[in-house]
1. Within region 265-273, is there a residue that is in contact with a Gly (Cβ under 6 Å, 6 or more places away or on another chain), closer than 30 Å to ASP199 by Cα and acidic (Asp, Glu)?
2. Return the pair list, or none, for Cβ contacts closer than 6 Å from residues in region 193-208 that are at pLDDT 90 or above and among the hydroxyl-bearing types (Ser, Thr, Tyr) to residues that are part of a helix (DSSP H, G or I) and open to solvent by 20 Å² or more (accessible area, probe 1.4 Å), at least 6 apart or on different chains.
3. Please tell me if VAL213 is closer than 30 Å to LEU146 by Cα, among the β-branched types (Val, Ile, Thr) and open to solvent by less than 20 Å² (accessible area, probe 1.4 Å).
4. Under 8 Å between Cβ atoms, which residue pairs at least 6 apart in sequence (or on different chains) link something in region 45-66 that is of a type in the set (D, E, K, R) with a partner that is assigned to a strand (DSSP E or B) and crowded, with 24+ Cβ neighbours inside 10 Å?
5. If a residue counts only when it is more than 30 Å from LYS43 (Cβ to Cβ), which strands (runs of 3 or more DSSP E) contained entirely in region 199-284 have at least 2 such residues?
6. Report every pair of residues separated by at least 6 positions or lying on different chains whose Cβ atoms are under 7 Å apart, first residue within region 220-238 and more than 8 Å from LEU294 (Cβ to Cβ), second modelled with pLDDT of 85 or more and acidic (Asp, Glu).
7. Check THR230, THR225 and return the single one that is closer than 19 Å to GLY37 by Cβ, modelled with pLDDT under 95 and either open to solvent by less than 40 Å² (accessible area, probe 1.4 Å) or out of contact with any Lys or Arg (no Cβ under 9 Å at 6 or more places or on another chain) (or both).
8. Take the residues of region 81-125 that are closer than 20 Å to GLY138 by Cβ and of a type in the set (Gly, Ala, Ser): which is most open to solvent (accessible area, probe 1.4 Å)?
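The values are calculated or read from the model by the stated rules, or taken from the named source; none is laboratory data. What you see is a predicted model, and the numbers here were worked out from it, not measured in a lab. Here the Cβ is made from the backbone with ideal geometry for all residues, glycine too, and neighbour counts use every protein chain on show. Note: accessible area is taken over every heavy atom of the protein model, side chains too, but ligands, DNA and RNA are not part of it. Shrake-Rupley method; radii C 1.70, N 1.55, O 1.52, S 1.80 Å.
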Amino acid sequence: MGHTIWAEGLVKRFGETTALAGVDFRAPPGSVLGLLGPNGAGKTTAVRVLATLLRPDAGRASVGGHDVVREAHRVRQLIGLTGQYASVDEQLTGVENLLLIGRLLGMSRAEARRRARELLERFGLAEAGGRAVGTYSGGMRRRLDLAASLVGRPPVLFLDEPTTGLDPRARSELWQLIRRLVAEGATVLLTTQYLDEADELADEIVVIDHGQVIATGTPEELKRTTGGRTLAVQPMEADRLPLVRGVVAELTGAEPQVKGQRVTAPAADPAVLPAVVRRLDEAGVLVTELELRLSSLNEVFLTLTGRPAESSAEASEPEEAKEART
């Protein structure tokens, strides 16, 4: 089976900054490829190269079998692009935005109007279609932006951090829409700095940091091979926390993390669980939680990059963001 999205050795520099330092990835038809990484990692630059908005300094990439440099016009006919900065016009109504895009794509007025109504209905925006987009909530605007990228029925979608800044309900709604599009055969490249989003949507994840791919695999493979297992213990009484922390450190041989009253640590050996139970029982410590589970993507990310995703997500993205906004 061929790959709808394919990239090999992509390099892109902005002045002194190397945004992409030789990146490889591929996505088969009807799948979601998640590019996961902190701000400034190179995700947006990769999308812009694939969307023919930037020329790579080195490497090759293709979409639907067409080279993004030599056959840029063919690639543009295949893709829909939407991101964290909604591209719709706030002065126009929802209907007018979609109508305008349909006309620009060469549809007749009647055909463009039909497509606009169909998309507004599908995205739960039919009632708001006659209102100026400036009155829409963030979630509504992002749904309209996604609808706008689908006017021409593109088989390939590039979603660049589509849920940044949205509340949990709006994020969940957008996730459902994305799942539906993939079920209908779309191939999606999703960039995100949210681990739960990659876990929910991606068939395959490529972790990017400082312009380089540092890990690739399904969410489960990444959790299994990179992060191993995690031991989590929560004592019933807060004053027993230091003791629990000491027991976990000794038996796992790792430096535990303490969040609230919960102690966690990577644990390669499953035998650590009964050992912890025995030690805490001997010490008379009652627990409200005790489990050994596959590491979360957040713990995987910590292992890979040396920092949790939450803090790295706040890192600056000067050159890449500047380029993305021009």
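1. No, because not a single residue in region 265-273 is in contact with a Gly (Cβ under 6 Å, 6 or more places away or on another chain), closer than 30 Å to ASP199 by Cα and acidic (Asp, Glu).
2. none
3. Judged against the criteria, VAL213 is not a match.
4. These pairs meet every condition: ASP57/LYS12; ARG60/ALA7; ARG60/LEU10.
5. 229-235, 262-266
6. Qualifying pairs under 7 Å: ALA232/GLU289; ALA232/GLU291; VAL233/GLU289; GLN234/GLU289.
7. So the residue among THR230, THR225 that is closer than 19 Å to GLY37 by Cβ, modelled with pLDDT under 95 and either open to solvent by less than 40 Å² (accessible area, probe 1.4 Å) or out of contact with any Lys or Arg (no Cβ under 9 Å at 6 or more places or on another chain) (or both) is THR225.
8. Checked region 81-125; the qualifying residue most open to solvent (accessible area, probe 1.4 Å) is SER87.
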